[in-house]
Amino acid sequence: PEARGLGFIQPMVKYLKERGVQLVDKCTITELIKEKDRIIGAVGLRDEPVVFKAGAIILAAGGSAGAYSRTDCPVDIAGDGYALAYMAGATLRDMEYIQFTPVAVAEEGYPGFAMYGDIVDKGTLRNSHGEDIVEKHGITQRPLTTMARDHLSRAITTEVHEGRGVDGAVLLDASDVIEEVGLEKLIARSAQRKALLDMGADEKPFKVAPSCHFTMAGVEIKPDCSTNVPGLYATGEVTGGVHGANRLGGNALTEIVVFGARAGASAAEYATKYSRPKINYEFKGTYKAEADPAETLKELRTLMWDKVGILRSKESLNRALNRLHEMSKQRFNEETINHQKQAAETQMAILASTLTTLSALRREESRGTHYRVDFPDTKPEWLKPIRVYKTPDGLSLEGTV
């Protein structure tokens, strides 16, 4: 299929419309509203500010892969769900666990889609010296992009970091396998086949690199998808703890079916216990400042890729934290509703990235997708989650030190 997600989305949208559910599109949620300790609504930006009243709210905002410069996820999914939950007082866990897929197109001007199966397994990944990266790093698991996902991602990143990359990537020579098997059998989507042919993949090596793919990080939930904040529920990639330190391929789709149903049933039952209160919310005024939120977000994505990516260290994480702290103080241009949306999205991405970086710095070992070059071994005393939450005194990080 051309777009597998449509098989989930289209039937759900059809069902909701048939049930008379009002859908509000192109709306950026910027804040969850609480009365005492309970969630009662949300504020969003559309063509103008919008206030939603709610007996309960379900966060299903995805992860933060869009906070990385190379990702095969939508770039606007950059951690806003994490930021909204944190600011509302919810506990988050496992923020350091970010999954990368090892082989995605890295040719300038082409979509950075990930590749799987024989085009990688029967092709050859080479560094700028012509060395076979898989053979050099002793990677024997197959299929490479699923069974050796983390090992291969680290191997490619190591080659690039040590100066044997090509424009921040490596080369995949798949011309022989394309000729032998045929591109239609190797790549399911026609748009991806066309891109590969346009870049000459059937004739010469092309640039590939790892890509941020999935987050195991997020809001801590109970089995019914409730959180520690009454009225707030969460499901899908915005939650943490379901997959542990790594995710088996295919399990994300199972997760959204199982926990999506649980969240809906639980939140609906909770909402029947409360009437929707009147909300008096005064939207903050706009201002114009020097910083461009779009440019800051671009810098953030590069920072996260370089310093909080596949290979991490105390030095790289501290450098990231220092810059994130500076970014968090910036005031952005909010002259128009578009600027206000960009500013809100950028501020939430900075906050979510800070939570990821702090958790990665705290975990002084390597486990699952979290790899510290200065702590390469897994340690039994770290077999527990790191939790982060907001207190009256500021951010609190709970976990082994």
Q) Taking a label point 7 Å from the Cα of H325 along the Cα→Cβ vector, which residues of the stretch 343-381 have an amide N closer than 13 Å to it? A) 358
Q | Charge sum, other residues only, whose C-beta stays under 12 Å from D224's C-beta, Lys/Arg counted +1 and Asp/Glu -1 | A | +1
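What FRET efficiency comes out for R46 versus E335 if R0 is 22 angstrom and r is the Cβ-Cβ distance? Round to the nearest 0.05. The partial results should precede the final answer.
On the way: r = 17 Å, r/R0 = 0.78.
The value I calculate is 0.80.
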**Q.** Cα→Cβ-extended label distance, 7 Å offset, between K194 and V21, nm
**A.** 3.3
Q: Read through the labelled values (i) -0.57, -0.81, -1.04; (ii) -0.73, -0.98, -1.19; (iii) -0.45, -0.71, -1.01 and report the label of the one computed as log10 I(q)/I(0) by the Debye sum over Cα atoms at q = 0.08, 0.10, 0.12 Å⁻¹ from the structure.
A: (iii)
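Can you list which of the trypsin sites (Lys or Arg not before Pro) found in the stretch 31-80 are DSSP loop residues with at most 11 other C-beta atoms within 10 Å? The partial results should precede the final answer.
Numbers: sites: K34, K36, R38, R46, K53, R70; in loops: K36, R46, R70.
Qualifying residues, ordered by number: K36.
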**Q.** Rounded FRET efficiency, nearest 0.05, which uses the C-beta distance separating A265 from N228 and R0 of 25 Å
**A.** 0.80
Q: In a Gaussian network model over the chain where Cα atoms closer than 10 Å are linked, find which of R301, R19, R372 has the largest mean-square fluctuation.
A: R19
(Q) Under the rule of at least 5 residues apart or a separate chain, name every residue whose amide H is placed under 5 Å from the amide H of T239. (A) V219
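What does the charge add up to near G55, with Lys and Arg as +1, Asp and Glu as -1, over the other residues with Cβ less than 9 Å from its Cβ? Please list the in-between numbers first.
Values: positive: K53, K273, R276; negative: none.
Net local charge, G55 excluded: +3.
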Q: Return the single residue from A352, A268, A320 with maximal mean-square fluctuation; model: Gaussian network over the chain, springs between Cα atoms under 10 Å.
A: A268
Q: Extending each Cα 7 Å along its Cβ direction at K136 and T378, get the distance between those two points in nm, one decimal.
A: 2.7
Q: Determine the percent antiparallel among the DSSP beta bridges restricted to the chain, to the nearest 5.
A: 85
**Q.** Neighbour count of at most 10 Cβ within 10 Å plus DSSP loop: longest GluC sites (Glu not before Pro)-free window in the chain
**A.** 163-281
(Q) Taking all protein chains in place and a 1.4 Å probe, what share, in percent, of the accessible surface of the chain do carbon and sulfur account for? (A) 50
Q) Most mobile of M87, M147, M95 per a Gaussian network model of the chain (Cα springs, under 10 Å)? A) M147
Q. Can you list residues whose amide H is under 5 Å from F100's amide H, if they're 5+ apart or on another chain and H is modeled 1.01 Å from N?
A. H213
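Could you work out how much longer the chain between S396 and I9 gets when fully extended? Use 0.36 nm per residue separation minus the Cα distance between them, nm to one decimal.
Working: separation 387, 0.36 × 387 = 139.32 nm, distance 3.68 nm.
Between S396 and I9, full extension yields 135.6 nm more.
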(Q) Skipping prolines and chain starts, which residues have an amide H placed within reach, meaning under 5 Å, of the one on A291, given they are 5 or more residues away or on another chain? (A) R331, N333
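The values are calculated or read from the model by the stated rules, or taken from the named source; none is laboratory data. The structure presented is a predicted model; accordingly, all values stated were derived computationally and were not measured. All Cβ positions, even for glycine, are placed from backbone atoms using ideal geometry, and neighbour counts span all protein chains on display. The accessibility values were calculated without ligands, DNA or RNA, using every heavy atom of the protein model including side chains. Shrake-Rupley method; radii C 1.70, N 1.55, O 1.52, S 1.80 Å.
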